[in-house]
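Asker: Pasting a structure here, questions to come.
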Amino acid sequence: MTNTMKSAETYIQIRFCDIDQLGHVNNAVYLSYLEIARIPYFENIIGYIDWLNEGFIIAKAEIDFKIPILLNDNIKIKLWCSRLGTKSFDLSYSIIKVEQEHEIEMASAKTVMVCYNYTQQTTIEVPKSWIPKLV
């Protein structure tokens, strides 16, 4: 991530139900954490979104698991736009454990977001008003 990218950070509250039998956050829960981080990102970076006419769908999600997340870990997600295309853009994520004086990346992820008009049920170009906010 470079200094010119607009990013956001969201702290995640780990719930007991997120933990699997092995004592760490279940891999499937990571996608929910990414979703939780996207909400404030779009509220802070984009602002109001007309979801029916200028929304998006997730076309692809990738997660690289590095270190298991445990129930009492203090976790935050850093999120930024890492690629901007005509009809799609990529969001990159770093899932970080925050300790007293340092941070440890527990996982990294990327989602491909395709802009979508739900009213017309078709893909659309990235709204022009979003472009300077994302890059």
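Read the figures in this text as sums done on the coordinates, not as results from a lab. Bear in mind the structure is a predicted one, so any value in this text is a computation, not a measurement. Neighbour counts run over all protein chains shown; Cβ positions are idealised from the backbone, glycine included.
Asker: Which condition does LYS78 not pass, out of (1) under 29 Å from GLU125 (Cβ atoms); (2) in contact with a His (Cβ under 8 Å, 6 or more places away or on another chain), if it passes all the others?
Answerer: (2)
Asker: Looking only at the range 11-23, count how many residues are more than 17 Å from ILE77 (Cα to Cα) and touching a strand residue (DSSP E or B) at 6+ places or on another chain (Cβ under 9 Å).
Answerer: Looking only at that region, the number is 2.
Asker: So the check is Cβ under 8 Å with 6+ separation or different chains; which pairs have a first residue in the range 57-81 that's without any contact (Cβ under 8 Å) to a residue 12 or more places away in the chain and a second one that's surrounded by 12 or more Cβ atoms within 10 Å (Cβ to Cβ) and not aliphatic (A, V, I, L, M)?
Answerer: none
Asker: Return yes or no: is ILE36 within 17 Å of the chain's Cα centre (by Cα) and without any contact (Cβ under 8 Å) to a residue 12 or more places away in the chain?
Answerer: Judged against the criteria, ILE36 is not a match.
Asker: Here is a further query. Output the residue which, of all residues in the range 29-56 that are among the aliphatic types (A, V, I, L, M) and out of contact with any helix residue (DSSP H, G or I) (no Cβ under 9 Å at 6 or more places or on another chain), is farthest from PRO127 (Cα to Cα).
Answerer: LEU31
Asker: Let me ask another. I'd like to verify a number: residues in the range 122-135 that are touching a helix residue (DSSP H, G or I) at 6+ places or on another chain (Cβ under 7 Å) and exposed (fewer than 15 other Cβ atoms within 10 Å of the Cβ), how many?
Answerer: Looking only at that region, the number is 1.
Asker: Conditions: (1) in contact (Cβ under 8 Å) with a residue 60 or more places away in the chain; (2) surrounded by 16 or more Cβ atoms within 10 Å (Cβ to Cβ). THR119 meets all but one. Number of the miss?
Answerer: It fails just one condition, (2).
Asker: From the list SER82, SER88, exactly one residue is touching a Cys at 6+ places or on another chain (Cβ under 9 Å), closer than 19 Å to PRO132 by Cβ and among the hydroxyl-bearing types (Ser, Thr, Tyr). Which is it?
Answerer: SER88
Asker: If you don't mind, there's one more thing I want to ask. Kindly indicate the residue of the range 2-28 that is loosely packed, with under 12 Cβ neighbours inside 10 Å and either of a type in the set (A, V, I, L, M, F, W, C) or under 26 Å from THR122 (Cα atoms) (or both) and also farthest from the chain's Cα centre (by Cα) among those meeting that condition.
Answerer: LEU22
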